[in-house]
1. Any idea of the accessible area per residue across the chain, 1.4 Å probe, to the nearest Å²?
2. Straight-line reach from Lys49: which lysines have a Cα under 19 Å away, not including same-chain ones fewer than 8 places off?
3. Top to bottom by accessible area (1.4 Å), largest first, where do Arg25, Arg113 land?
4. Could you order the peptides 88-100, 45-57, 7-19, 64-76 from most to least packed, using the average number of other C-beta atoms within 10 Å per residue?
5. From the helices alone, meaning DSSP H stretches of at least four residues, give me the mean residue ellipticity at 222 nm for the chain, per-run term -39500 (n - 2.57), in deg cm²/dmol to the nearest 500.
6. Work out how much length Glu43 to Asp117 would gain on full extension: take 0.36 nm times their residue separation and subtract the Cα-Cα distance, in nm to one decimal.
7. Got a number for carbon plus sulfur as a percent of the chain's accessible area, 1.4 Å probe?
8. Between helix 28-42 and the chain, what is the angle of the helix's C-alpha long axis to the longest principal axis, kept within 0 to 90° and rounded to the nearest 10?
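The values are calculated or read from the model by the stated rules, or taken from the named source; none is laboratory data. Note that the structure is predicted; figures quoted are calculated from it, not measured. Positions of Cβ are generated from backbone atoms using ideal geometry, with glycine treated the same way; all protein chains shown enter the neighbour counts. Surface areas here come from the heavy atoms of the whole protein model, side chains and all, with no ligands, DNA or RNA. Shrake-Rupley method; radii C 1.70, N 1.55, O 1.52, S 1.80 Å.
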Amino acid sequence: YYNYVTVLGRQKASEQSIIICGICRDVVNNLRFNIARIEKIGELFREYKVVLYENDSKDGTKKLLKDWEESNKNVSIISEDLNTQKFTSVASFERASLLAEYRNKYLNFMNERFDSDYVMMLDVAIQLGTSTGMW
């Protein structure tokens, strides 16, 4: 049954479009693993776009994203230097509020420029990369 559903999913994806989006900051090491995986997921679709919002990175993330955008016409990067506080992974109203603000920036960008069947919000900072095993 799994293989049958997977084949059906691949067929449907090949007929649809997707925007893969997310937020990132200082994630150069993990992003290196995820770029190929994001592209692999995108290529399963008839058409794909990637929209990532980055701010205040100091570790090479900005350059990696700029290089990716220049080498892949499907990639759009929104990058800002805001000098905002960098939070750890703790729950705080201020952190949640800023993340919502950043999310809205890439959502507005996407809504003004692209139309798609699906939107996938992805955590590009995942340490071991995004799984493409199901694809």
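1. Working: 8260 Å² over 135 residues.
In whole numbers, the chain has 61 Å² accessible per residue.
2. Lys12, Lys40, Lys62, Lys66, Lys73, Lys105
3. Values: Arg25 55, Arg113 130 Å².
Result of the area sort, largest leading: Arg113, Arg25.
4. Values: 88-100: 10.0, 45-57: 20.6, 7-19: 14.2, 64-76: 16.0.
Descending mean neighbour count gives 45-57, 64-76, 7-19, 88-100.
5. Values: 4 runs with 59 residues, N = 135.
Here the helix-only value at 222 nm equals -14500 deg cm²/dmol.
6. Values: separation 74, 0.36 × 74 = 26.64 nm, distance 1.46 nm.
Taking 0.36 nm per residue and subtracting the Cα distance, the gain is 25.2 nm.
7. Numbers: 4360 of 8260 Å².
Roughly 53 percent of what the probe reaches on the chain is carbon or sulfur.
8. Long axis of 28-42 versus the principal axis of the chain: about 30 degrees.
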